[in-house]
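The values are calculated or read from the model by the stated rules, or taken from the named source; none is laboratory data. All values derive from a computational prediction rather than experimental measurement. All Cβ positions, even for glycine, are placed from backbone atoms using ideal geometry, and neighbour counts span all protein chains on display. We work out accessible area using only protein heavy atoms, side chains counted, and drop any ligands, DNA or RNA first. Shrake-Rupley method; radii C 1.70, N 1.55, O 1.52, S 1.80 Å.
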Amino acid sequence: MTDLDPAAPATPDPQVLAAFRAATGFMPEDEGLALYAAALDAAGRTGLPVLEIGTYCGRSAILLADAARRTGTVALTVDHHRGSEEQQPGWEYHDPTLVDPEVGLMDTLPRFRRTLHAAGLEPHVVALVGRSPQIAAVWQGRLSLVFIDGGHTDEHATGDYLGWAPHLAEDGLLVVHDVFPDPADGGQAPYRVYLRALDEGFEEISVTGSLRVLRRAAS
């Protein structure tokens, strides 16, 4: 466990924030800063790695990596890098610049690596390239924070929760992105995962936009 100076601000340095703003991705800044504060808290208290599901091009990974750097641990980020459902050709969030012309499939891994390099944070990140359930099934370690921001179907969001929440330390944090109670605002799979976590012993400790931070309630 690393002693984090309680007087240190729970915000990244200007150059890290600039890298976050410049990165390709969808995380709003206020939600990113809430994620950053949660990662600093969880990793600072436990000394354990933080993990996100859903790397895309590394926008939120920048913040998790900097939090890991400050707390003396590492950020793990899980993605197959072929894009989620809504990022495929013909869908709303498709970016044709991220298609590998040789194979004709999405490939966000090169952009992610360039993002981390530009931010100077490569040494503080371990990229786990593969499908979340397969990696979770072989993962053995404990985690201080799990950030669910992968595929937004019920199959994928629920699989991410079931696969990774059991690896949280007793006092770790679960963070769920794109939680929209009103169906008019967005898909409901992350919201259903959030409700399930509440039913299964987590308590909500902060809300920022669509980002929910939860901690497992003491037994």
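Counting DSSP beta bridges with both partners in the chain, what percentage is antiparallel, nearest 5?
Of the beta bridges lying entirely in the chain, close to 40 percent run antiparallel.
Want the number for Glu200 to Ala137: 0.36 nm per residue separation, take away the alpha-carbon distance, what's left? It would help to have the intermediate numbers written out before the result.
Details: separation 63, 0.36 × 63 = 22.68 nm, distance 2.04 nm.
Roughly 20.6 nm would be gained on extension.
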> Gly47's amide H: which non-local residues (gap 5+, or another chain) put their own amide H closer than 5 Å, with H modeled 1.01 Å from N in plane and none for Pro or chain starts?
Replying inline: Thr2
>> Could you work out the pair-distance distribution P(r) of the stretch 178-219 from its alpha-carbon pairs, with 5 angstrom bin width and percents rounded to whole numbers?
In response: 6, 25, 30, 22, 11, 4, 1, 0
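With an 8 Å Cα cut-off and a minimum separation of 6 or more residues, compute the relative contact order for the chain in percent.
Working: 423 pairs, mean separation 42.8, N = 219.
Reported as a whole number, the value is 20 percent.
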>> Skipping prolines and chain starts, which residues have an amide H placed within reach, meaning under 5 Å, of the one on Leu173, given they are 5 or more residues away or on another chain?
In response: Leu145, Val146
> What is the set of long-range amide H partners of Leu105 at a cut-off below 5 Å, with H atoms built 1.01 Å from backbone N?
Replying inline: Asp100
>> Quick one: 3J(HN,Hα) in Hz for the stretch 112-125, Karplus 6.51/-1.76/1.60 with θ = phi - 60°, rounded, Gly and Pro as x.
In response: 4, 5, 5, 4, 5, 4, 4, 7, x, 10, 4, x, 9, 10
> If you roll a 1.4 Å probe over the heavy atoms of the protein chains, what accessible area per residue do you get for the chain, in Å²?
Replying inline: 46
> Rounded, prolate or oblate: which fits the stretch 96-147 when a ≥ b ≥ c are the square roots of the eigenvalues of the alpha-carbon gyration tensor, with rounded for a/c under 1.5 and prolate only if a/b beats b/c?
Replying inline: oblate
> From the Cα gyration tensor of the stretch 74-164, with a ≥ b ≥ c the square roots of its eigenvalues, which class applies: rounded if a/c is under 1.5, or else prolate if a/b is larger than b/c, or else oblate?
Replying inline: oblate
> Going highest first, how would you order 162-174, 31-43, 94-106, 191-203 by mean Cβ packing within 10 Å?
Replying inline: 31-43, 162-174, 191-203, 94-106
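According to the square roots a ≥ b ≥ c of the eigenvalues of the Cα gyration tensor, what is the shape class of the stretch 68-219, taking rounded for a/c under 1.5, prolate for a/b larger than b/c otherwise, and oblate for the remainder? Intermediate values should be presented prior to the final figure.
On the way: a/c = 1.85, a/b = 1.26, b/c = 1.48.
In terms of gyration-tensor shape, oblate.
Given a cut-off of under 8 Å on Cα pairs at least six residues apart, what relative contact order in percent is computed for the stretch 103-210? Intermediate results must be reported in sequence, preceding the final value.
Values: 93 pairs, mean separation 22.1, N = 108.
The normalised contact order for the stretch 103-210 reaches 20 percent.
Can you send over the carbon and sulfur percentage of the accessible area for the chain, probe radius 1.4 Å, protein chains only? Walk me through the numbers before you get to the answer.
Working: 5480 of 10170 Å².
Its accessible area is 54 percent carbon and sulfur atoms.
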> Which order, highest average first, do 12-19, 51-58 follow once you tally other Cβ atoms within 10 Å for each residue and take the mean per peptide?
Replying inline: 51-58, 12-19
